[in-house]
Amino acid sequence: MDEQIGELQQQLATLNEALKKGTVFQSLGPRLGQLMDGIHRRRRTPVTLPDDQDGIEELLNTLRGRLENNQPLALSLKDLDRLLHHLASPNPAIRYNGINFTVYDALQQNALGVNDMVTLVNFLSRDEALFSHILEPTNAAIFGRAGSASLLAVALHFVAENDAQGMLDYNHLVNQVATYICLETDTRGFINQQGWAHAYAAIIDLLTVLAETDILPRADKLFLLMTLIERLKRLTTPLIYGENDRMATYFVTLTNRHPLYETALINALKQWRLAVARRRRPDNLAGWNQFFNRKRLSDALRLRNDASPKLKKYLNSTIDFLG
């Protein structure tokens, strides 16, 4: 894995630890932003895609047959690795209709034991799964990254359903998710002939599941909240495939749980608006994408009837003139 990613992982872990010790709070957003601004992107390199003719369809058919007969899957590590390797397939019939649905159905039918679920989480949260070609311009590796993030959210949900959270290393998970958010800049939704990428929908699903995890400290949830906001500020391509509605749900649900999150979100939104106002009218596509990404999110938040009174008051007090 890229040395730069390893360094970022360490920096994020140190910053999160400082948050837990109470030595950062007001400066958390700016510090996260500095880490993101310091990321150096790479030139494009060839993406090695899985060979969908290697028997994966036969394996999927076998697994589907077991599920239809209500049999436990008893996946070997080799078979699990094969399945998850094909999450990187650009063929949606294999990636989404095949692997995603099969694993989801297996979890839904309790066909996987608790140890298998934990193994699944560990596989999906590996560097190789979440960070493949992530420092490069938009590329086909997005399917593997987003597919891993999306399925990881599902797996974490079922681990919680089975009261097995104690078997997971949540410090590592939070750090991996934060690293992924810092690094992921591919905002594509549906891609012709290849189906959904939708990385930011997967990110919101992940954050939603982690926000609902009772054993996770508030500091971790705050850390992930602020990491997302700092990344959103810096995206220069549009989020237009329903991500803003999902984000609004995540933000409002979390802020309604504790005033700490409410205060952090409102302060972050204020700082974001000030930064946009200082730039005045953008003169390039990236600038306008940044402006309208924020505007679409603000509009989605305003539509939430369950937003807290303080959040509603702030949102209704702001008017954007640039559009």
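Taking first residues from region 94-113 that are over 13 Å from Ile56 (Cβ atoms) and partners that are among the basic types (Lys, Arg) and modelled with pLDDT under 95, no Cβ contact under 7 Å between residues at least 6 apart in sequence or on separate chains turns up.
Would you call Val47 β-branched (Val, Ile, Thr) and modelled with pLDDT under 95? No. When region 1-33 is filtered for residues that are under 18 Å from the mean Cα position of the chain (by Cα) and β-branched (Val, Ile, Thr), only Ile5 remains.
Selection of helices (runs of 4 or more DSSP H) fully inside region 1-93 by the criterion of at least 3 residues being loosely packed, with under 12 Cβ neighbours inside 10 Å and touching a Cys at 6+ places or on another chain (Cβ under 6 Å) returns nothing.
Within region 155-168, the residues that satisfy the criterion of being open to solvent by less than 40 Å² (accessible area, probe 1.4 Å) and assigned to a helix (DSSP H, G or I) are Ala155, Leu156, Phe158, Val159, Ala160, Gln165. A Cβ distance below 7 Å, combined with a sequence gap of six or more or placement on separate chains, defines the contacts here; from region 1-14, residues that are of a type in the set (A, V, I, L, M) reach no residue that is open to solvent by 30 Å² or more (accessible area, probe 1.4 Å) and not in a helix (DSSP H, G or I). Taking region 118-140 as the range and being open to solvent by less than 20 Å² (accessible area, probe 1.4 Å), hydrophobic (A, V, I, L, M, F, W, C) and within 13 Å of Leu84 (Cα to Cα) as the test, the residues that pass are Leu120, Val121, Leu124, Ala129, Leu130. Can you tell me which of (1) at pLDDT below 95; (2) in contact with an Asp or Glu (Cβ under 8 Å, 6 or more places away or on another chain) is the one Glu161 doesn't meet? Exception for Glu161: condition (2). For Leu254, the stated conditions do not hold, so it cannot be described as closer than 30 Å to Ala197 by Cα, exposed (fewer than 14 other Cβ atoms within 10 Å of the Cβ) and modelled with pLDDT of 95 or more. Scanning region 103-113 for residues that are surrounded by 19 or more Cβ atoms within 10 Å (Cβ to Cβ) and either β-branched (Val, Ile, Thr) or part of a loop (DSSP other than H, G, I, E, B) (or both) returns Val103, Ala111, Leu112. Listed conditions (1) closer than 25 Å to Gly189 by Cα; (2) open to solvent by less than 40 Å² (accessible area, probe 1.4 Å); (3) within 21 Å of the chain's Cα centre (by Cα); (4) not aromatic (Phe, Trp, Tyr) are all met by Thr249, apart from (2). Tyr200 - would you say it is crowded, with 21+ Cβ neighbours inside 10 Å, under 23 Å from Ser27 (Cα atoms), touching a residue at least 40 places away in the same chain (Cβ under 8 Å) and under 12 Å from the mean Cα position of the chain (by Cα)? Spelling it out, it is not the case that Tyr200 is crowded, with 21+ Cβ neighbours inside 10 Å, under 23 Å from Ser27 (Cα atoms), touching a residue at least 40 places away in the same chain (Cβ under 8 Å) and under 12 Å from the mean Cα position of the chain (by Cα).
Filtering region 292-309 to residues that are under 17 Å from Asp245 (Cα atoms) and in a helix (DSSP H, G or I) leaves Phe292, Asn293, Arg294, Lys295, Arg296, Leu297, Ser298, Asp299, Ala300, Leu301, Arg302. Asp320 meets each of the listed conditions (1) surrounded by 17 or more Cβ atoms within 10 Å (Cβ to Cβ); (2) at pLDDT below 95; (3) not aromatic (Phe, Trp, Tyr); (4) not in a helix (DSSP H, G or I) apart from (1). Please verify whether Asp127 is charged (D, E, K, R) and more than 24 Å from Leu8 (Cα to Cα), treating the condition exactly as stated. Against the criterion (charged (D, E, K, R) and more than 24 Å from Leu8 (Cα to Cα)), Asp127 does not qualify. Taking the conditions (1) part of a helix (DSSP H, G or I); (2) charged (D, E, K, R); (3) open to solvent by 80 Å² or more (accessible area, probe 1.4 Å) in turn, Arg273 satisfies each one other than (3).
The values are calculated or read from the model by the stated rules, or taken from the named source; none is laboratory data. The structure presented is a predicted model; accordingly, all values stated were derived computationally and were not measured. All Cβ positions, even for glycine, are placed from backbone atoms using ideal geometry, and neighbour counts span all protein chains on display. Remember, those area values only see protein heavy atoms, side chains included, never the ligands or the DNA or RNA. Shrake-Rupley method; radii C 1.70, N 1.55, O 1.52, S 1.80 Å.
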